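Data first, discussion second: the structure below is written as structure tokens.
The values are calculated or read from the model by the stated rules, or taken from the named source; none is laboratory data. Since the structure is predicted, the reported quantities are computational estimates derived from the model, not experimental observations. Counting neighbours? That spans all protein chains shown, and the Cβs are built from the backbone with ideal geometry, glycine included.
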Amino acid sequence: MSSSEADSTGIRRRFVVVGHDATTAGDFGLNDLAGATGRLDILLRCVNSAFLLSHDLRRDTELYLVLLGPPCPPRTLRLVGRELRHLNPDERSTAALLRQALRSPTEGQSSPGIHVKSLGLSTLLETFPNELVYLHENGTDIRQAALSLPTTFLLSDHHDLTPEEEAAVLGFRPQRLRLGPRPLHADHAILLVHNELDRRA
């Protein structure tokens with residue numbers, strides 16, 4: 001598939017971020033997003049990196065946040081660029097949107113472009129028909145790799161994938177790619193992937 005094509009949903013770039021400690025309930029306040037939410041702040045920065053451009057959004061991008069913290073894991077939030085509304089650069093307002101989704105007692109769309117399901121990592125990956133890239137510091141340099149779109153990029157929060165998670169991921173036979181010579185924060189990694197694909201396009 002060429003880099004100009006999209007899948008049937010219009011998605012060309014998909015990111016999956018595993019939040020190992022991130023809260024799965026919407027009962028948190030907005031004043032301590034780093035300390036009281038299982039580092040949900042890391043995932044909020046990933047939202048910004050995945051979608052925000054200067055005065056625009058990336059409409060061809062989809063982001064999945066796999067939340068594995070207490071009290072009711074797993075829960076997965078799906079954000080769809082072409083549907084999103086009310087997404088602003090500040091983490092606090094994004095946290096309010098995600099909190100609204102986590103407060104929902106049922107699965108489905110909580111606000112435009114934000115969906116919630118009780119779905120774990122392995123089951124989620126089974127739903128993607130296209131190429132899977134596992135971003136890992138010991139992978140092949142992305143600048144030496146061939147990439148076709150649409151592609152799903154998998155990365156973790158401030159924790160590595162557990163051995164069990166990694167074994168499950170490797171069962172999908174992903175490309176394992178790195179973005180440079182130094183380990184990066186998840187949100188920075190998303191930006192660099194976008195930049196690499198923008199340049200190739």
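Inside region 48-67, residues that are part of a loop (DSSP other than H, G, I, E, B) and out of contact with any His (no Cβ under 9 Å at 6 or more places or on another chain) make up a count of 4. Listed conditions (1) modelled with pLDDT of 95 or more; (2) out of contact with any Gly (no Cβ under 9 Å at 6 or more places or on another chain); (3) closer than 19 Å to D187 by Cα; (4) polar (S, T, N, Q) are all met by N138, apart from (1). Among the residues making up region 44-68, those that are touching a strand residue (DSSP E or B) at 6+ places or on another chain (Cβ under 7 Å) and either under 18 Å from L98 (Cα atoms) or surrounded by 22 or more Cβ atoms within 10 Å (Cβ to Cβ) (or both) are C46, V47, A50, F51, T61, E62, L63, Y64, L65, V66, L67, L68. Checked against the criteria, L87 does not count as modelled with pLDDT of 95 or more and surrounded by 13 or more Cβ atoms within 10 Å (Cβ to Cβ). A search for C-beta distances below 8 Å between a residue of region 104-131 that is without any contact (Cβ under 8 Å) to a residue 12 or more places away in the chain and any residue that is exposed (fewer than 15 other Cβ atoms within 10 Å of the Cβ) and in a loop (DSSP other than H, G, I, E, B), counting only pairs 6+ apart in sequence or on different chains, returns E107/S118. The numbered conditions (1) closer than 25 Å to D160 by Cβ; (2) among the aliphatic types (A, V, I, L, M); (3) touching a residue at least 24 places away in the same chain (Cβ under 8 Å) are all true for A34 except (3).
Taken over region 168-201, the criterion of being under 14 Å from H136 (Cα atoms), of a type in the set (G, A, S) and surrounded by fewer than 20 Cβ atoms within 10 Å (Cβ to Cβ) is satisfied by G180 alone. Taking the criterion of being crowded, with 16+ Cβ neighbours inside 10 Å, out of contact with any Gly (no Cβ under 8 Å at 6 or more places or on another chain) and closer than 18 Å to D56 by Cα, the residues of region 90-129 that qualify are E91, T94, I114.
Inside region 68-86, can you point out the residues that are farther than 20 Å from S156 by Cβ and either in contact with a helix residue (DSSP H, G or I) (Cβ under 6 Å, 6 or more places away or on another chain) or not in a loop (DSSP other than H, G, I, E, B) (or both)? Selection gives V80, G81. Only residues in region 184-196 that are in contact (Cβ under 8 Å) with a residue 40 or more places away in the chain count as the first member; pair them with residues that are in a helix (DSSP H, G or I) and among the charged types (D, E, K, R), Cβ under 6 angstrom, at least 6 apart or cross-chain, and list the lot. Pairs found: D187/R45. Counting the residues of region 143-165 that are modelled with pLDDT of 95 or more, surrounded by 15 or more Cβ atoms within 10 Å (Cβ to Cβ) and not in a strand (DSSP E or B) gives 3. Only one entry of L67, L33, L57 meets the criterion of being closer than 16 Å to V116 by Cβ and either of a type outside the set (V, I, T) or at pLDDT 95 or above (or both), and that entry is L67. Would you mind stating whether N138 is out of contact with any helix residue (DSSP H, G or I) (no Cβ under 9 Å at 6 or more places or on another chain), in a strand (DSSP E or B) and surrounded by fewer than 13 Cβ atoms within 10 Å (Cβ to Cβ)? Yes; evaluated as a whole, the condition is true for this residue.
Looking only at region 87-108, which residues are closer than 18 Å to T37 by Cβ, in a loop (DSSP other than H, G, I, E, B) and in contact with a strand residue (DSSP E or B) (Cβ under 8 Å, 6 or more places away or on another chain)? Within region 87-108, S104 is the sole residue that qualifies.
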